[in-house]
Amino acid sequence: MNLDWSVVWQNSGALAQGVLITILLTFCTMLIAIPGGIVLALMRLSSSRILSGISACFVEFFRNVPIILLIYWTFYVLPVFTDISFSPFGTGLLALALNVSAYNSETFRAGINSIRRGQTEAALALGMSHMEAMLKIILPQAARRVLPVLASTWISLFKDTSLVSVIAVGDLAHNALEIRAQSFRVLEILTAMAVIYWVLGYPQAKLVDRIYKKWGVKE
Amino acid sequence: MSTVAAQIQNRKNADQTPVVEYRSIRKQYGEFVAIGSVTARVNKGEVVCLIGPSGSGKSTLLRTTNALEQIQGGELLFDGKPLPASKAGIRQVRQRMGMVFQNFELFPHKTVLENITVGPRTVLKVSEQEARKRAVALLDKVGLADKADKYPANLSGGQQQRVAIARALAMEPEVMLFDEPTSALDPETIGEVLNVMKRLAEEGMTMIVVTHEMTFARRVADWVVVFDRGNIVEQGPAAQIFDNPQAERTRDFLSHLGWDG
Ligand SMILES: Nc1ncnc2c1ncn2[C@@H]1O[C@H](COP(=O)(O)OP(=O)(O)O)[C@@H](O)[C@H]1O
Ligand SMILES: [Mg+2]
C-alpha cells in the first residue's frame, strides 16, 4: 500500500478554510446559546406557568432530538412549510444553537439552583427586585459554577459541528470529505482530518481540565 | 399584675406609633401552624428580643416582618400602615428594614466594600462615589476599615457578620431585624458582634433580635417576647422576664439554658 501525503499539502488551503469555518461555527453557536440558555433557564424558573411551560417544552424537545435530524429538518423541511430558508451555514448554526441552548439552559438552571436560597433572601431584604437579585447576586455566582460545564459543552460542540457537513457547510469535515471523494486518498485525508481535529481539540480539553481545577465547585 | 401594667406604661416611647405592630399574626406552612396568633409591638428606639426554644416560630415571625414570609391571618403594621400587597410596595418597605441572617449571607463574589455598596447602588440609585464613602464610614464603625477590599471568604465569622450588619445599615433602615446573628459563630468572635449591636442600640436604632444570648437580651433589650410552639407565652421588660418570669414555660426555658438570674 503506498501512501501519498502530498494530497494533504495540495489541499491545505481548503482544509485551513474548513478549520476556520468549524471554529467560527462553534464560536457563533455559543454566542447564541449562552444568552439563549440563560433566557430559557430564567423562563423555566420564573413564577409564570406559561413561560416556564414553554421553556420546558422547548428544552425537552431540542435536547432529545438528534442534532443531525435537526440539521436535516431545518435545511429541508423548514423552507417547505415556511418561507424561511437559510444558507447552509445559517442552517447549521440554527440547528446547533437550538440544541446547545437547550443543553445550556439545563446547565444554567442547575447552576442557579445550586446557589443557597439565603442569597436571594439577602438581596430581597435589601429591597432588590427578583430580577435585580438574579442579575446582580445569583447569576454571577452561578456563572462560576457553570463555567466548567460550559467548557465541556464547548468541546463537544466543537466536534459536533462536523455534523453540519451533511448539508454542505464548508467546515473542516465537509471539506476534508470532499477532497477524499475527489482524490480517492481515503486513508491520508481521514488521518489528516483526525489529526487536525485532535490538534485543535486537545489543547481545548486541557484548558477545560484547568478550568475545572480552578473554578470547579468547592465549598 | 399592676406592676406589669406599670412597667408597660413605662415602656420606651409607649405613647408613640409603634414602628412594627403584629396583630394576631398567624402563619402556616400548609397544614402546619408555625405561628398560632401573635400580638406584639415594637416602639421606636426599642430593642425587642425574641427568645424561646428552637422551632417555636421566632425566625418565622421575623421573616414575616419584611414579607419574606406571607402571613395567613392577622395584620402586620409597619410605621402605622399595613404591609402593602404590591411587589413594589413590599420592596419599599424592605428598603426601610435591615436584616441580618444567622449565616451572614454575604455575597461571596463581591468584596466587602461591594457587599455594602450594592444595595444603595442598585436600589436607592446612590452614586458610586457616595455609596463608597458611606460604606467606608460604616466599615469604620464596625471596626473593619482595613478589610474593604477583601472577599468574605477571607474573613472570620465574626468579621463577616459585622460586614453583614454594615451592609444592612447602608440602606439607612428604620428598623433592624437580627435572626440569631451569633449562633453560627465561634465563641471567641461572638463578643465583637454583640458589641456592635449594643452600640447600635445605644444610638437609638430600633431592633428586633432573635437570640439565644440571654446575657445580651437581659442587658440590652427593652422588651422581651418569649415564644413557645408558635405562640407568645409571656412578654415584658427584660427585668421582668429574666428576674421574675411569670409563666411556667418561661421559667422552664430559662432554666433549661442554665440561666440563673
Ligand atoms: N419553609 C418552611 N416550611 C415548612 N415548615 C417550616 C418552614 N420554615 C419553618 N418551618 C417550621 O416552622 C416552625 C418554626 O420555625 P422557626 O420560625 O424557624 O423557629 P425558630 O426560629 O424559633 O427556631 C418549625 O417547626 C419549622 O420546622
Ligand atoms: Mg430560627
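The values are calculated or read from the model by the stated rules, or taken from the named source; none is laboratory data. What you see is a predicted model, and the numbers here were worked out from it, not measured in a lab. Reconstructed Cβ throughout: ideal geometry from the backbone, glycine too, with neighbour counts over all protein chains shown. Ligands, DNA and RNA are stripped out before the accessible areas are found, and what is left, the full protein with its side chains, is counted by its heavy atoms. Shrake-Rupley method; radii C 1.70, N 1.55, O 1.52, S 1.80 Å.
Please figure out what share of the DSSP beta bridges in segment B:1-257 is antiparallel and state it in percent, rounded to the nearest 5. Within segment B:1-257, antiparallel bridges account for around 55 percent of the total. Solvent-accessible surface of segment A:57-208, taken per residue with a 1.4 Å probe and all protein chains present: 46 Å². Backbone geometry of segment B:176-188 corresponds, through the Karplus equation with coefficients 6.51, -1.76 and 1.60 at θ = phi - 60°, to 3J(HN,Hα) couplings of 10, 10, 10, 10, 6, x, 10, 5, 9, 9, 5, x, 6 Hz, x marking Gly and Pro. Inter-part distance, segment B:12-55 to segment A:39-69, computed on C-alpha centroids, equals 43 Å.
For A:K206, list the lysines whose Cα falls under 26 Å from its own Cα; do not include residues on the same chain fewer than 8 positions away. Straight-distance partners of A:K206: A:K159, A:K214, A:K218. Could you tell me which of the pairs B:K27/B:K141; B:K12/B:K87; A:K136/B:K150 are separated by over 27 angstrom between their Cα atoms in the structure shown? Check vs 27 Å cut-off fails for B:K27/B:K141; B:K12/B:K87. The A-B contact accounts for approximately 1700 Å² of buried accessible area, totalled over both chains at a 1.4 Å probe radius.
Please work out whether segment A:64-103 counts as rounded, prolate or oblate from its C-alpha gyration tensor, where a ≥ b ≥ c are the square roots of the eigenvalues and a/c under 1.5 means rounded, while otherwise a/b larger than b/c means prolate and anything else oblate? It comes out prolate by the Cα gyration axes.
Take every DSSP beta bridge whose two residues both sit in the protein assembly as shown; close to 55 percent of them are antiparallel. Relative contact order of segment A:28-166: 31 percent, from C-alpha pairs under 8 Å at least 6 residues apart in sequence. Shielding by partners for peptide B:102-110, expressed as the average number of C-beta atoms from other protein chains within 10 Å of each residue's C-beta, is 5. Near B:R11, no amide H atom lies under 5 Å from its own; only residues 5 or more places off or on other chains count, and H is placed 1.01 Å from N. With a/c under 1.5 counting as rounded, go ahead and sort segment A:11-215 into rounded, prolate or oblate using the C-alpha gyration tensor (a ≥ b ≥ c being the square roots of the eigenvalues; past the cut-off, prolate if a/b is larger than b/c, else oblate). Oblate is the answer for segment A:11-215, as a/c is 1.5 or above yet b/c matches or exceeds a/b.
Across peptide B:123-131, the average count of Cβ atoms from other chains found within 10 Å of a residue's Cβ is 1. What the Cα atoms of chain B give is an Rg and a Dmax of 18.3, 55 Å. Over what distance in Å are the Cα centres of segment B:73-103 and segment B:128-144 separated? Cα centroid to Cα centroid, the span is 25 Å. Could you work out how far the C-alpha centroid of segment A:87-110 sits from that of segment B:160-227, in angstrom? If you average the Cα positions of each part, the centres end up 50 Å apart. Rounded to the nearest whole Hz, the Karplus-based 3J(HN,Hα) values (6.51 cos²θ - 1.76 cosθ + 1.60, θ = phi - 60°) of segment A:22-29 follow the sequence 4, 5, 4, 5, 4, 4, 5, 4, with x at glycine and proline. Taking a straight Cα-Cα cut-off under 15 Å and skipping sequence neighbours fewer than 8 places away in the same chain, the aspartates and glutamates within cross-link reach of B:K81 are B:E21, B:E174. For B:K147, the lysines whose Cα comes closer than 19 Å to its Cα, not counting residues fewer than 8 places off in the same chain, are B:K110, B:K133. What part of the accessible area of chain B, given as a whole %, is carbon or sulfur when the probe is 1.4 angstrom? Using a 1.4 Å probe with all protein chains present, chain B comes out at 46 percent carbon and sulfur.
Determine the shape class of segment B:16-105: with a ≥ b ≥ c the square roots of the Cα gyration tensor eigenvalues, call it rounded for a/c under 1.5, and otherwise prolate if a/b is greater than b/c, oblate otherwise. Here segment B:16-105 falls in the rounded category.
For the segment A:115-124, counting C-beta atoms of other chains within 10 Å of every residue's C-beta and taking the mean gives 5.
Charge tally for A:G127 (other residues, Cβ to Cβ under 14 Å; Lys, Arg +1; Asp, Glu -1): +4.
Taking 7 Å steps out from each Cα toward its Cβ at B:D79 and B:E248 produces label points 4.4 nm apart.
In a reduced charge model with +1 at each Lys and Arg Cβ and -1 at each Asp and Glu Cβ, segment A:11-215 shows a dipole moment near 780 debye about its Cα centre.
Along the axis of the charge dipole computed for the protein assembly as shown (Cβ charges of +1 for Lys and Arg, -1 for Asp and Glu, origin at the Cα centre), the listed residues A:G36, A:F108, B:A145 are led at the positive end by A:G36. The angle between the Cα long axis of helix B:128-141 and the longest principal axis of the Cα atoms of chain B comes to about 50 degrees, rounded to the nearest 10.
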